[in-house]
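*Asks:* Before I ask anything, here is the structure I am working with.
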Amino acid sequence: VTLQSVFHDFIKARNHKPNTKRDYIKTVNRCFADWLAEPIRSISRKNVEQLFYSLQDNNGKAMAAKAMRYLSSIMNYAKADEIEGERLITENPCEVLKDKKIERKIKPRTRYLEKEELQAVVEELSHVHHPDYHKQEKRITSTVVADYLILLLFTGLRKDEAASLEWDRVKMGDRLFSIEDT
């Protein structure tokens, strides 16, 4: 039984939101492409540890940590599966990272725009709507992007939430909008 087939069953069994499902597929195909055709039982603790360090060196710690979280979920799914009365795998090889206390935490951001910096950003974005803006030699963005950034700044929406906001959810007269699936 290959990692690919277990992953396929894992995706089918879970009720992930479309973006989560897409992210799983993208991450697994990107980070574990060499392993997909391999038997899941052949993935060892040593393989996982080496791949974690390789991903960290080449793609950054955040990507490596996310990839290993995803792989661990898939392996836990495989642990619960049986073939002809025998468990598919008895141990999650990703646990090596925990057992060896390999640091996977990402430091949260500690710097945010100061009030003056935020004010300068908003002021710059507001110039985009000036009639002479398009005549300037150096422009920072388009009116559509400026409006999108202002929407993000003043509402706290996530980028995908703002980008997928549809007009039937916007009530201009009432000065409100609604997001159903956050």
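*Asks:* So how far apart, in nm, are the two label points at N58 and R109 if each is 7 Å from Cα heading toward Cβ?
*Replies:* Using points 7 Å along Cα→Cβ, the separation is 2.8 nm.
*Asks:* Okay, next question. How many Å³ per residue does the convex hull of the Cα positions in the range 57-182 occupy?
*Replies:* Here the figure is 224 Å³ per residue.
*Asks:* GNM on the chain, C-alpha springs below 10 Å: top fluctuator among A163, A37, A78?
*Replies:* A163
*Asks:* Here's another thing I want to ask about it. May I ask for the angle, rounded to the nearest 10°, between helix 18-31 and the longest principal axis of the chain, with both axes built from Cα atoms and the value confined to 0 to 90°?
*Replies:* So the inclination is approximately 60 degrees.
*Asks:* For the range 56-159, with all protein chains present and a 1.4 Å probe, just round the carbon and sulfur fraction of the accessible area to a whole percent.
*Replies:* Roughly 51 percent of what the probe reaches on the range 56-159 is carbon or sulfur.
*Asks:* Also: If you count only protein heavy atoms with a 1.4 Å probe, what accessible area per residue comes out for the chain, rounded to a whole Å²?
*Replies:* 73
*Asks:* Sticking with this one: If the elastic network links every pair of Cα atoms under 10 Å, which of D168, D99, D160 fluctuates the most in the Gaussian network model of the chain?
*Replies:* D168
*Asks:* How large is the helix-only mean residue ellipticity at 222 nm for the chain, computed as the sum of -39500 (n - 2.57) over DSSP H runs with n ≥ 4, divided by its residue count, in deg cm²/dmol to the nearest 500?
*Replies:* It comes out at -16000 deg cm²/dmol, rounded to the nearest 500.
*Asks:* Using the Karplus curve 6.51 cos²θ - 1.76 cosθ + 1.60 with θ = phi - 60°, what ³J(HN,Hα) values do you get for each residue of the range 100-108, in whole Hz, with x for Gly and Pro?
*Replies:* Coupling constants for the range 100-108: 8, 6, 6, 5, 10, 6, 9, 5, x Hz.
*Asks:* Same structure again: Please identify the chymotrypsin sites (Phe, Trp or Tyr not before Pro) of the range 125-155 that satisfy two criteria: DSSP loop assignment and at most 10 other Cβ atoms within 10 Å. Which are they?
*Replies:* Loop-located and lightly packed - none at all.
*Asks:* Which of the aspartates and glutamates could a cross-linker span from K17 if the Cα-Cα distance has to be under 20 Å and same-chain partners fewer than 8 positions apart are dropped?
*Replies:* Within reach: D9, D160, E161, E166, E180, D181.
*Asks:* Okay, moving on. Mind checking the angle between helix 3-13 and the chain's longest principal axis? C-alpha axes, 0 to 90 degrees, to the nearest 10.
*Replies:* Roughly 60 degrees, rounded to the nearest 10.
*Asks:* Hey, another quick one. Could you pull out the pairs from K61/K159; K105/K171; K12/K46 whose alpha carbons sit more than 31 Å apart here?
*Replies:* As for pairs spanning more than 31 Å Cα to Cα, those are K105/K171.
*Asks:* Another question, then. Can you give me the long-range amide H partners of T2? Hydrogens built in the peptide plane at 1.01 Å from N, cutoff under 5 Å, separation of 5 or more residues or another chain.
*Replies:* I40
*Asks:* If ligands, DNA and RNA are left out, what is the accessible area of L113 with a 1.4 Å probe, given in Å² to the nearest 10?
*Replies:* Here the accessible area works out near 100 Å².
*Asks:* Go through G60, N47, G85 and say which Cα lies farthest out towards the positive end of the charge dipole of the range 46-87; charges sit on Cβ, +1 for Lys and Arg, -1 for Asp and Glu.
*Replies:* Checking the options against the dipole of the range 46-87, the answer is G60.
*Asks:* Another question, if that's okay. Just reorder R87, R175, R30 by solvent-accessible area, largest first, 1.4 Å probe, all chains present.
*Replies:* R175, R30, R87
The values are calculated or read from the model by the stated rules, or taken from the named source; none is laboratory data. Since the structure is predicted, the reported quantities are computational estimates derived from the model, not experimental observations. Cβ sites come from the backbone with ideal geometry, for glycine too, and all protein chains shown count toward neighbours. For accessibility, only protein heavy atoms count, side chains too; no ligands or nucleic acids. Shrake-Rupley method; radii C 1.70, N 1.55, O 1.52, S 1.80 Å.
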